[in-house]
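Worksheet: one structure, shown below.
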Amino acid sequence: MRGRIRGLPEPGGRPDRRLNYDLIRGLHILAVIAWMAGLLYLPRLFAYHTRATPGSEMDETFQTMERKLLQIIMNPAMIVAWILGLTLIWIRSRGYGHGVWAPIGAFVTRPWMLTKLSGVLFLTGWHHYLAIARKRFAAHANTRPEKFWRMVNELPFLAAIIMVLAVTTEFGG
């Protein structure tokens, strides 16, 4: 049937499974939006922070903003995005074979899913790189210039473009 998503019930089947999948997918998207907002904003804060004199009121303000962004928004959003993303993989993989691990392996090795997962690993690594950079700023040990932070600011968005195109087209089966 055209348009059917493997692992989900046929139209007219158990609507509760479809509703749960859609709810989890929607919450996953919201978590990713919050995470991406932080991944895009934190490097911009770092760019401005490079202009502040260490120990100044401006320096302290940037440190507070960076810490709160990371701890209150980015870390929880990343964790929720990961949990819901893994849940979606588990739900979707049920139509790819029998057993517990074989269907998951068959699903995650699809070219479009490998592309998406590569992007997720990149964003997770970038998140941790930014967390380390925040600690360097807090210790007045940043070695990166403003230009660096402005240039790398768009990396998460470029990754997101590739990931969204991979998921929406499901290229390669």
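For the reader, a short list of remarks on this structure follows.
- Residue ID - farthest from A160 (Cα to Cα), chosen from residues in the range 108-119 that are touching a residue at least 24 places away in the same chain (Cβ under 8 Å) and in a helix (DSSP H, G or I): P111
- Residue ID - farthest from L45 (Cα to Cα), chosen from residues in the range 60-88 that are without any contact (Cβ under 8 Å) to a residue 60 or more places away in the chain and surrounded by 17 or more Cβ atoms within 10 Å (Cβ to Cβ): G85
- For the range 125-146, the set of residues classified as in a helix (DSSP H, G or I), over 14 Å from the mean Cα position of the chain (by Cα) and touching a residue at least 24 places away in the same chain (Cβ under 8 Å) consists of A131, A133, R134, F137, A138, E146, listed by residue number.
- Positions within the range 73-90 being within 20 Å of R136 (Cβ to Cβ) and either out of contact with any helix residue (DSSP H, G or I) (no Cβ under 6 Å at 6 or more places or on another chain) or not in a helix (DSSP H, G or I) (or both), in sequence order: N75
- Subset of the range 38-97 [under 30 Å from E170 (Cα atoms) and either aromatic (F, W, Y) or touching a strand residue (DSSP E or B) at 6+ places or on another chain (Cβ under 6 Å) (or both)]: Y41, W82, W90, Y96
- In the range 76-93, the count of residues that are in contact with a Lys or Arg (Cβ under 7 Å, 6 or more places away or on another chain) and not charged (D, E, K, R) is one or more.
- Candidate set from the range 49-72 (those that are among the aliphatic types (A, V, I, L, M) and not in a loop (DSSP other than H, G, I, E, B)); member that is farthest from A138 (Cα to Cα): I72
- The range 49-59, subset surrounded by fewer than 16 Cβ atoms within 10 Å (Cβ to Cβ) and touching a residue at least 40 places away in the same chain (Cβ under 8 Å), residue farthest from E146 (Cα to Cα): G55
- Residue satisfying all of: in the range 92-109; of a type outside the set (G, A, S) and touching a Gly at 6+ places or on another chain (Cβ under 6 Å); surrounded by the fewest Cβ atoms within 10 Å (Cβ to Cβ) among these: R94
- Screening E60 with (1) modelled with pLDDT of 95 or more; (2) under 19 Å from the mean Cα position of the chain (by Cα); (3) not hydrophobic (A, V, I, L, M, F, W, C) gives one miss only, at (2).
- Residue count for the range 125-153 under the criterion of being charged (D, E, K, R) and exposed (fewer than 13 other Cβ atoms within 10 Å of the Cβ): the result is 1.
- Unique residue being in a helix (DSSP H, G or I), crowded, with 17+ Cβ neighbours inside 10 Å and of a type outside the set (G, A, S) when the list is F122, F46: F46
- Beta carbons closer than 7 Å, at least 6 apart along the sequence or on distinct chains, pair a first residue in the range 18-29 that is aromatic (F, W, Y) with a second that is in a helix (DSSP H, G or I) for Y21/I91.
- Failed condition for R110, given (1) touching an Asp or Glu at 6+ places or on another chain (Cβ under 8 Å); (2) modelled with pLDDT of 95 or more; (3) not β-branched (V, I, T): (2)
The values are calculated or read from the model by the stated rules, or taken from the named source; none is laboratory data. The model shown is predicted, which means the values in this text are computed figures rather than measured ones. Glycine gets a Cβ as well: all are built from the backbone with ideal geometry, and neighbour counts include every protein chain shown.
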